[in-house]
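J.: Input: one structure, supplied below.
The values are calculated or read from the model by the stated rules, or taken from the named source; none is laboratory data. Small disclaimer: the values here were computed from a predicted structure and weren't measured. Cβ sites come from the backbone with ideal geometry, for glycine too, and all protein chains shown count toward neighbours.
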Amino acid sequence: MANFVDKDKIKTIAYLGKAGSFTEMAKDYFCEKYGLNAYQMPFRTIKEIIDYVEDDKDSVGIIPVENAKEGIIRETNDNLINSSNVKILSETILPANNCLLSKNSEIYNITGLIAPAPAMARCRQYIKNELPMHLNIVHTTDTEESARLLNSYNLTYAIIGTEKTAEIYNLNILNSNINDDKDNQTKFIMVGNMETEPTEHTTSSIAIALRDAPGVLFKIIKEFADRKINITYIHTTPSKMEKDEYILFIDFDGHIKEPHIEEAIEHVKQHIKYFRFMGSYERI
């Protein structure tokens, strides 16, 4: 398990979304894994979370970074790059599991559905095949509004939510994993303005912008290969700093404090014009 230098000083856990969100479930997962017992504070945007933990060294934030179906979450990467001190402390992947929830305990009693359009789109086949043809549909803006509105309707109505939604609002789970894409997963990260210590299984992430010269990418990869450092992930995204420039994100095995990692990074810096250390952390 990852060793945070300032773990015992964590007083606040910031997370994205309203009650019952997938990020709140990720927050619960991280808290259980690391034994964190701190004040929990929801935020509306990823930028607000990163800004908050940038200024408060006694806090951590939980944010999504990638979805298996929708890809990289650009807002997370952009705001991490723009931050001076916030780093990734831990990473996990959780299933994006939608559920049919109701105060009713029997699915055959359901005649109405209260849900936002994106949730219904993710569960289109289930709604078509498993719920009544003439289903009464009430559109909402998000899952939290759906859960609140459920109290205004009779027991034949249901909502689409998460297992956490069921827990918060004391609802029955009539069916789980009702989304069309059964393998959809989301990668979440814990971020903070603090350091981690090396462990047996540590991943590190950097963001770089290459110099405009032939063979630069090959030279960078060779710096890692020559030191037997395993690169586990590479992706690019357009830079917001310069036109027609791309930021290259690289994940590799090892901790930034290990001598051969430090040496590789110093040599990599000779071939690039921008560098951002994104953190050394464990995947749990």
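J.: Listed residues L135, L149, L131, L155; which is aliphatic (A, V, I, L, M) and under 14 Å from S105 (Cα atoms)?
T.: Values: L135 fails: under 14 Å from S105 (Cα atoms); L149 fails: under 14 Å from S105 (Cα atoms); L131 fails: under 14 Å from S105 (Cα atoms).
Result: L155 is the single residue among L135, L149, L131, L155 that is aliphatic (A, V, I, L, M) and under 14 Å from S105 (Cα atoms).
J.: Suppose the filter is touching a Gly at 6+ places or on another chain (Cβ under 6 Å) and either modelled with pLDDT of 95 or more or in the same structural domain as N77 (by TED's automatic domain parsing) (or both); does I231 pass it?
T.: no
J.: Sticking with this structure for a sec: Tell me whether region 198-213 contains one or more residues that are under 26 Å from I73 (Cα atoms), basic (K, R) and outside any loop (DSSP other than H, G, I, E, B).
T.: Of region 198-213, the ones under 26 Å from I73 (Cα atoms) are 201-211.
Narrowing further to those that are basic (K, R): 211.
Now restrict to residues that are outside any loop (DSSP other than H, G, I, E, B): none.
No, region 198-213 contains no residue that is under 26 Å from I73 (Cα atoms), basic (K, R) and outside any loop (DSSP other than H, G, I, E, B).
J.: Answer yes or no as to whether M241 is in the same structural domain as I13 (by TED's automatic domain parsing) and of a type in the set (A, V, I, L, M, F, W, C). First the steps, then the outcome.
T.: Details: in the same structural domain as I13 (by TED's automatic domain parsing): no; of a type in the set (A, V, I, L, M, F, W, C): yes.
For M241, the condition - in the same structural domain as I13 (by TED's automatic domain parsing) and of a type in the set (A, V, I, L, M, F, W, C) - is not met.
J.: Would you confirm, using the coordinates I've provided, whether K182 is assigned to a helix (DSSP H, G or I) and either without any contact (Cβ under 8 Å) to a residue 60 or more places away in the chain or assigned by TED's automatic domain parsing to the domain that holds K47 (or both)? So that I can check it myself, show each step before the final result.
T.: On the way: assigned to a helix (DSSP H, G or I): no; either without any contact (Cβ under 8 Å) to a residue 60 or more places away in the chain or assigned by TED's automatic domain parsing to the domain that holds K47 (or both): yes.
So K182 does not fit the description; no.
J.: Of these, Y169, Y157, Y153, which one is closer than 18 Å to M25 by Cβ and either touching a His at 6+ places or on another chain (Cβ under 7 Å) or aromatic (F, W, Y) (or both)? Walk me through it before giving the result.
T.: On the way: Y157 fails: closer than 18 Å to M25 by Cβ; Y153 fails: closer than 18 Å to M25 by Cβ.
After applying the criteria, what remains is Y169.
J.: Are there strands (runs of 3 or more DSSP E) fully within region 56-128 with at least 3 residues that are within 23 Å of D142 (Cβ to Cβ) and of a type in the set (A, V, I, L, M)? List them.
T.: 59-67, 112-116
J.: For residues that are under 18 Å from S280 (Cα atoms) and in contact with a Leu (Cβ under 7 Å, 6 or more places away or on another chain), tally how many sit in region 69-108.
T.: Adding up the residues that qualify gives 1.
J.: Pick from N104, N67, N77, N98: which is touching a Ser or Thr at 6+ places or on another chain (Cβ under 8 Å), within 30 Å of P118 (Cα to Cα), surrounded by 21 or more Cβ atoms within 10 Å (Cβ to Cβ) and not basic (K, R)?
T.: Details: N104 fails: surrounded by 21 or more Cβ atoms within 10 Å (Cβ to Cβ); N67 fails: surrounded by 21 or more Cβ atoms within 10 Å (Cβ to Cβ); N77 fails: surrounded by 21 or more Cβ atoms within 10 Å (Cβ to Cβ).
None of the other options fit; the residue is N98.
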